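Below is one structure, written out as structure tokens, with a few remarks after it.
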Amino acid sequence: MKSAVETLNPTRVRLTVEVPFEELKPSLDAAYKKINQQVTVKGFRKGKIPARVIDQRFGRGAVLEEAVNDALPKFYTEAVNEAELNVLGQPEVDITELKDGETLNFTAEVDVRPTIEIPDYSGIEVEVDAIEVTDEDVDKAVEELRGRFGSTAPVERAAEDGDVLTLDLEAKVDGEVLEDGVAQGVSYTIGSGELLDGIDEAVKGLEAGGEATFTSQLKGGSGEGKDAEVTVKVSQVSARELPELDDDFAQLASEFDTLEELRADSRKRLANMKQYDQATQAQERVLEKLLELVEVPVPEKLLEDEVNTRKHNLEHHQLGQMGLTIDKYLEIQGKTAEEFEDETKTAAVKGIKTQFVLDELVSKEKLNVNQEELTEHLMRRAASSGMSPDQFAQAVVEGGQVPMLVGEVARGKALAVVVEAATVKDTNGEVVDLDDEDDADAETTEVTEVTEAAESADEAAEAKKDAPAES
């Protein structure tokens with residue numbers, strides 16, 4: 001077999017392959033054997049039909065077609081390996097010449113990973129938010145904790161902000177009560193925004209037994225999107241009672257003996273959260289600077305597939321779980337279909353470029369992933385997915401996704417190398433030290449979020465092992 005490679009553009013090549021007919025013999029033998037098992041010819045036992053009889057009865061062309069379909073994947077893979085190509089996706093194969101007893105010639109056009117030159121990235125400088133925890137931040141955190149230990153008690157007065165009401169509701173559209181427009185005993189906190197627009201104004205000032213009617217656009221159900229006349233009746237008004245902010249509360253809500261100790265711990269926790277956010281912000285901005293330095297051509301077919309994958313995941317998974325259509329989602333977001341398409345394409349381009357660049361860095365820096373690093377990453381991914389580590393690990397193995405996880409960890413390490421070489425300062429002009437072990441988790445988290453939806457590039461790269469289909 002002889003093969004040659006023609007570069008069509010930075011992300012696509014054409015392979016031209018010439019196969020001497022004698023190299024088709026194993027596939028021809030397999031074709032005759034397969035046809036033998038599928039057909040019946042009077043006078044011959046099944047599987048014992050001579051080749052000449054098969055040629056006469058069913059045509060030599062049928063045998064050649066079966067043999068070529070069997071042989072193409074092997075010859076294509078040999079040509080790819082010989083040229084040391086890193087291909088993406090399935091090739092478009094065209095048989096240019098097939099002469100019985102002489103030769104098989106074919107071409108295969110396929111996308112390839114572009115060659116990327118990583119420039120000196122040691123001069124990257126970025127600015128991030130300074131870590132500042134104010135007394136107001138601490139007050140808010142303690143108040144949120146206090147709210148979780150609050151209780152409610154019925155009161156005989158008009159409803160106010162923050163009260164918990166027990167309501168009966170009835171919704172009418174065009175004067176008719178909707179089948180699903182009646183609800184009783186609904187618990188609602190004034191100001192929570194959890195029910196209908198306009199309900200807060202309607203119920204504030206009402207006592208138990210009070211009733212009001214207001215107009216609101218329904219957010220779901222049979223009348224979704226329609227204006228409804230809603231009648232609300234208050235059957236009970238309850239006030240929230242919060243514990244006193246004192247040492248007794250600290251002992252109730254935490255392991256601390258005093259309120260002062262609880263506030264100090266809240267301040268420390270907030271600082272740790274802001275430190276994590278700061279590390280993530282640094283990685284995001286360093287990555288953006290790195291991508292600006294590198295010229296990365298994006299294969300058109302890969303980009304098209306990536307955009308379609310993102311739209312499919314949004315429409316059929318995320319929005320489907322919320323009971324929203326894509327049109328309703330765009331309406332809520334205040335976006336046009338064109339704006340959504342542009343944003344999706346921009347995000348897909350960034351994801352693909354990020355993966356290509358960081359994969360090149362993994363190779364350049366000779367980064368490896370050990371079992372401990374892979375296990376730690378698997379534990380984090382399991383936690384974010386809501387599955388147990390064992391369940392997640394089983395799903396990963398059964399889905400053949402272990403290489404994908406290894407790639408995520410490796411890319412996280414590659415980004416960490418770039419961040420370590422960069423100069424990161426906060427808005428106060430202070431140099432930020434990101435070597436703290438607590439920040440390490442953010443490395444893989446950020447890369448996972450940026451490249452997760454570009455996993456199709458990894459999957460496509462594996463496709464070179466699959467059988468190409470004749471075009």
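Computed from the coordinates by the stated procedures, all read-outs in this text should not be read as laboratory data. Keep in mind that this is a model prediction, so the values were computed, not measured. Using ideal geometry, Cβ is built from the backbone for each residue, glycine included, and neighbour counts are taken over all protein chains shown.
Data for the structure
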{"item": "Computed over the range 152-241: relative contact order in percent, which uses C-alpha pairs under 8 Å that are six or more apart", "result": "42 percent"}
{"item": "Sequence-separation-based contact order of the chain, relative, with Cα cut under 8 Å and 6+ spacing, percent", "result": "20 percent"}
{"item": "Karplus-derived HN-Hα couplings along the range 328-334 (A = 6.51, B = -1.76, C = 1.60, θ = phi - 60°), whole Hz, x at Gly and Pro", "result": "5, 4, 5, 5, 5, 6, x"}
{"item": "Peptides ranked, highest mean first, by Cβ atoms within 10 Å: ranges 317-327, 163-173", "result": "163-173, 317-327"}
{"item": "Over 19 Å between alpha carbons, listed pairs K353/K425; K301/K350; K301/K335; K2/K74; K74/K364", "result": "K353/K425; K301/K335; K74/K364"}
{"item": "Rg(Cα) / (2.2 N^0.38 Å) computed for the chain, rounded to two decimals", "result": "1.43"}
{"item": "Residue-wise HN-Hα coupling along the range 386-397, computed from phi with Karplus coefficients 6.51, -1.76, 1.60 (Hz; x: Gly, Pro)", "result": "x, 9, 6, x, 5, 5, 5, 4, 5, 5, 5, 5"}
{"item": "Antiparallel bridges, percent of DSSP beta bridges restricted to the chain (to nearest 5)", "result": "90 percent"}
{"item": "D (Stokes-Einstein, µm²/s), Kirkwood Cα radius, the range 2-112, 0.890 mPa s at 25 °C", "result": "160 µm²/s"}
{"item": "Quotient of Cα Rg and 2.2 N^0.38 Å for the range 259-465, N being how many residues it contains", "result": "1.14"}
{"item": "Summed residue charge, Cβ within 12 Å of G61's Cβ, Lys/Arg positive, Asp/Glu negative", "result": "-3"}
{"item": "Rg and Dmax [Cα atoms of the range 152-241; Å; Rg one decimal, Dmax integer]", "result": "12.8, 41"}
{"item": "For A158, distant residues with modelled amide H under 5 Å away", "result": "none"}
{"item": "18 Å Cα cut-off, lysine pairs counted over the range 152-241 (separation 8 or more, or different chains)", "result": "4"}
{"item": "Helix-only [θ]222 nm of the chain, DSSP H runs n ≥ 4, -39500 (n - 2.57) each, per residue, nearest 500", "result": "-15500 deg cm²/dmol"}
{"item": "Normalised contact order of the range 2-112, rounded percent, pairs of Cα under 8 Å and 6 or more residues apart", "result": "37 percent"}
{"item": "Dipole magnitude of the chain, debye to nearest 20 (Cβ charges: Lys/Arg +1, Asp/Glu -1, about Cα centre)", "result": "3780 debye"}
{"item": "Between the range 251-322 and the range 355-383, the alpha-carbon center distance in angstrom", "result": "18 Å"}
{"item": "Under-5 Å amide H pairs with R12, H placed in peptide plane, nonlocal only", "result": "V112"}
{"item": "Positive-end extreme of charge dipole, the range 288-340 - chosen from H317, G334, V298 (charges on Cβ)", "result": "H317"}
{"item": "Simple label model, 7 Å out from Cα along Cβ direction - E84 to T103, nm", "result": "2.8 nm"}
{"item": "Charge sum, other residues only, whose C-beta stays under 14 Å from E176's C-beta, Lys/Arg counted +1 and Asp/Glu -1", "result": "-4"}
{"item": "Scaled radius of gyration (Cα, divided by 2.2 N^0.38 Å) that the range 193-278 gives", "result": "1.80"}
{"item": "The range 375-380 - phi-based ³J(HN,Hα) in whole Hz, Karplus 6.51/-1.76/1.60, Gly and Pro as x", "result": "5, 4, 5, 4, 4, 5"}
